[in-house]
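Working notes, structure below.
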Amino acid sequence: MMETLLQDLRYGLRMLRKSPGFTAVAVITLALGIGANTAIFSVVNAVLIRPLPYPNANRLVMIWEKRLPDGEQQNPTSPATFLNWQEHATVFEQTAAYFNWTKILTGGAAPERLNVQEVSPNFFSVLGVNAALGRTLLASEDSMDGANDVVVLSFELWQRRFGSDPRIVGRNIVLDGKPQTVVGVMPRGFQFFVKHGSFGQEQPNAWLPLTFSEKDPSFHGRYLEAVGLLRPGVTLPQAQSAMTSLAMSLEVQDPQSMKNWTVNLVPLRTQLVGAIEPALRILLGAVGLVLLIACANVATLLLTRSKARGHEIAIRVALGARPWLVIRQVLTESFLLAAMGAAAGLLLARWSASALLALAPKGLVPLEGAQVDLRVLAFTAGIAVVTGLLFGVVPAVHAARARPNDELKEGGRGGSEGVRSGRTRNSFVVAEIALALVLLAGSGLLIRSFSRLMAVDPGFQSKGILTARVELPSSKYKEDAKISEFYAQLLERVRQLPGVRSASADAYLPFTGDIAATGVEVEGRPPLSAAEQPEVDVAVVEPHFFETLGIPLLSGRSFTDREAREVTHTVVISQSMAKKLWPNEDPVGKRVTIHMKDVDVPSQVIGVVGDVKHAGLDAGVAATAYWPHPELAYNFMTLVIRTDGDPLALAPEVRQAVWSLDKDQPVADIRSMEDLLWVSLAKARFSTVVLGMFAGMALLLAITGIYGVVSYSVAERTREIGIRVALGAQRSDVLRMVLRQGLILAAFGVGIGVAAALVATRLMTSLLFGTSASDPATFATVAGLLIAVALSACCVPASRAMKVDPMVALRDE
């Protein structure tokens, strides 16, 4: 048996070597299909299949609050609610909370802003991860008496900033001017970061104990994120039901804070990959279609080749070869082609993964884990076997069913195409065109969707804006007045820089992350509980903010320089907030209480500005209140600077302006506003570009297929065409005959493809913006493009047919 197999392999290799052109085309075609599938599968494997790096990851869930009836599905929770969950939620072994923040690391090298997580001490226990060096946090380190001045470092920070010093445990580092004792270093690659509502945040560099007190005014404020470890045997529906019941009981106990709030549980993997999972599944389906088109192309080539080998196969059958022996030999050659295509495809997949990494925005898809491991190798091997069957079975069966007498007669006539083989080839081409149309329709919908997304007005003018984040250490800047004075002086210096037209600052810049939100009460109306109050976003800005960003002032006035240094109890509101609180009224002069401080004092509305799409171009607008900075003196602000030239060219001068006031103050996240806007489009752009590439590949393969079939048909019908011309047929008649053949194939393919695309594109609804999954304009454009391209592919063989010399054709016969 093995000897027979080896004999078939040797014979197959000899036959492939005898046709190097055919072999090269087939291998390249298969390499494109298999390589694209392997590359995308390596990403899918890393994101959707490979186990998460936490023990019992399948029992980890994110615990969110949700405001009824139709509020955001994933809202942070408050310390008060979290403590209730810890005490009463019986479906969890443990629950932990955390809060993403930033600290300034000083000492040694230049000051550096670190992303940190303040976490409850059992955070690492919930995840089931221990420190690589030292220890994690202790239960006693959640106190507020100074016993919590400890920090755990990430492996990457320890390696980069401290040179992998094994004596780091026990040393002090300075964060925000406060000494913190390093008690541990986490393992290499450890991370836990849920990017909730943020484009710009990054993985944490360090972990600090999370503390809170019932006396803290933010005790009922919703800013914590929570993760829970389900008890063994508890299913997600059971846990969801139990937590919903707990939320109802908490509402009875504390209606002031909990009325109309419930709980939403999300499995950790769904939370981490939910945003990109639909796009990856669409791309995996797309490359599957590319592989099918490649298989159809190679099957067409094999059918054509089997026709050329008709005499050989006929003689073998006439001499007594059994049909199954013919099938085995043809399938052996198919598997050899598939194996060579898979080998080339693996090389292409490695290059493709690098290209995907270059195309994908940082942090959108964890492509760093997309490696060609054993699972990917097994996938490639499996896809090679399936591919060999897909494109090899039909030609093999077709060759085995050949009748020696018929084949020899067909060959003797010198090129009259066998009806059966011609129909099979045509069917493959129709299938290629149909599959290509499905991909082109999907790509066209994404392009149309992306163009509409790009046309959305964000509510401000992004061109020429430089942004830079400045965060003052709370240990050094304790008084609100000192913080406000620092930013006022800094902006005065920045405005004097050459090329600066205007400058301001905002605590929560659009497209950079979350924004504070709270309940509000309108003066003169009946008081409402905290849970019943209308909710608005709260931005804290410096004077000239609206002018700098180009946000239109609709009525009233904006903030003055006086409001940059004094608490004036004034507020500017967005158009949506005006409509929400004062429909059909002029809000200027009205007073509203914004519940954000220890002592709430009503603020007078002095102006109304246009709405801004804070969360992204595809998000709605939220009612927003703008306070002047002294009203709520955050120690962190993002500078916004409108320039006359290239914004980034001003970055060194901005740093110097900051350092002239405080030499230990780092300046972070220096980038243009246009770049932030572009990053917000990352998911849509990535899906559009990658699917467009696959659609282009499918179109190229379909063109190759229809060109090959029509070209072969012309070659086979050379004698017929010569006779037609000799009997008086015009060249234009020959042209129409050839083009008609291509047009008929294209029309059948387009018709089937449109029907299939109308079903397939419904799966893309979540990826589309302002575009229907059955958009008529897109389908008409794609169908017209395919027919035009198909006719263009027929032009070369048609031109060749028109030049057939009847005397030469008949003499050759």
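For the range 439-456, how many residues are in a loop (DSSP other than H, G, I, E, B) and without any contact (Cβ under 8 Å) to a residue 12 or more places away in the chain?
Going through the range 439-456 one residue at a time, the tally reaches 1.
Hey, can you tell me all the residues within the range 217-276 that are over 20 Å from residue 67 (Cβ atoms) and more than 35 Å from the chain's Cα centre (by Cα)?
The one that is over 20 Å from residue 67 (Cβ atoms) and more than 35 Å from the chain's Cα centre (by Cα): 217.
For the range 171-197, name all the residues that are of a type outside the set (A, V, I, L, M, F, W, C), open to solvent by 10 Å² or more (accessible area, probe 1.4 Å) and at pLDDT 90 or above.
Within the range 171-197, 171, 172, 179, 180, 181, 187, 188 qualify.
Of the residues that make up the range 573-584, is at least one farther than 15 Å from residue 624 by Cβ and either among the acidic types (Asp, Glu) or outside any helix (DSSP H, G or I) (or both)?
Yes, some residue in the range 573-584 is farther than 15 Å from residue 624 by Cβ and either among the acidic types (Asp, Glu) or outside any helix (DSSP H, G or I) (or both).
Which condition number in (1) in a helix (DSSP H, G or I); (2) farther than 25 Å from residue 186 by Cβ is the one that residue 70 fails?
Answer for residue 70: the failing condition is (1).
When residues of the range 224-257 are filtered for being under 13 Å from residue 82 (Cα atoms) and open to solvent by less than 10 Å² (accessible area, probe 1.4 Å), how many remain?
Summing the residues that are under 13 Å from residue 82 (Cα atoms) and open to solvent by less than 10 Å² (accessible area, probe 1.4 Å) in the range 224-257 gives 7.
Being open to solvent by less than 10 Å² (accessible area, probe 1.4 Å), under 30 Å from the mean Cα position of the chain (by Cα) and not β-branched (Val, Ile, Thr) is the filter here, so list the residues in the range 526-540 that pass it.
Hit for the range 526-540 is 539, nothing else.
Taking the options 725, 734, 754, 750, name whichever one is open to solvent by less than 50 Å² (accessible area, probe 1.4 Å), touching a Pro at 6+ places or on another chain (Cβ under 6 Å) and of a type outside the set (D, E, K, R).
725
Would you mind listing the helices (runs of 4 or more DSSP H) fully within the range 272-361 where at least 1 residues are open to solvent by 60 Å² or more (accessible area, probe 1.4 Å) and modelled with pLDDT of 70 or more?
277-308, 323-359
Residue check: is residue 262 in a strand (DSSP E or B), of a type in the set (S, T, N, Q) and surrounded by fewer than 17 Cβ atoms within 10 Å (Cβ to Cβ)?
No; evaluated as a whole, the condition is false for this residue.
So which of 90, 102 is out of contact with any Phe, Trp or Tyr (no Cβ under 8 Å at 6 or more places or on another chain), over 15 Å from residue 211 (Cα atoms) and either in contact (Cβ under 8 Å) with a residue 12 or more places away in the chain or among the basic types (Lys, Arg) (or both)?
Result of the check over 90, 102: 90.
From the residues in the range 589-621 that are open to solvent by 10 Å² or more (accessible area, probe 1.4 Å), among the hydrophobic types (A, V, I, L, M, F, W, C) and touching a Lys or Arg at 6+ places or on another chain (Cβ under 9 Å), which one is nearest to residue 518 (Cα to Cα)?
The extreme case among them is 621.
Which of the residues belonging to the range 636-688 are assigned to a helix (DSSP H, G or I), small (Gly, Ala, Ser), within 20 Å of residue 463 (Cβ to Cβ) and open to solvent by less than 30 Å² (accessible area, probe 1.4 Å)?
Of everything in the range 636-688, those that are assigned to a helix (DSSP H, G or I), small (Gly, Ala, Ser), within 20 Å of residue 463 (Cβ to Cβ) and open to solvent by less than 30 Å² (accessible area, probe 1.4 Å) turn out to be 651, 680, 682.
Please tell me if residue 485 is in a helix (DSSP H, G or I) and either of a type in the set (Lys, Arg) or under 30 Å from residue 393 (Cα atoms) (or both).
no
Taking the stated definitions as given, is residue 711 surrounded by fewer than 19 Cβ atoms within 10 Å (Cβ to Cβ), hydroxyl-bearing (Ser, Thr, Tyr) and assigned to a helix (DSSP H, G or I)?
Here the answer is no, as residue 711 does not meet what is asked.
Residue 42 is checked against (1) farther than 30 Å from residue 245 by Cα; (2) within 37 Å of the chain's Cα centre (by Cα); (3) surrounded by fewer than 20 Cβ atoms within 10 Å (Cβ to Cβ) and fails just one. What number does that condition carry?
So residue 42 meets the others, but not (3).
Residue-wise test of (1) touching a helix residue (DSSP H, G or I) at 6+ places or on another chain (Cβ under 6 Å); (2) free of Cβ contacts under 8 Å to residues at least 40 places away in the same chain; (3) not charged (D, E, K, R).
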{"site": "650", "(1), (2), (3)": "no, no, yes"}
{"site": "684", "(1), (2), (3)": "yes, no, yes"}
{"site": "725", "(1), (2), (3)": "yes, no, yes"}
{"site": "731", "(1), (2), (3)": "yes, no, no"}
{"site": "743", "(1), (2), (3)": "no, no, yes"}
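The values are calculated or read from the model by the stated rules, or taken from the named source; none is laboratory data. Computed from a prediction, not measured in an experiment: that's the story for all the values here. Every residue, glycine among them, receives a Cβ derived from its backbone with ideal geometry; neighbour counts consider all protein chains shown. Quick note on the areas: whole protein, heavy atoms, side chains included, nothing else; ligands and nucleic acids left out. Shrake-Rupley method; radii C 1.70, N 1.55, O 1.52, S 1.80 Å.
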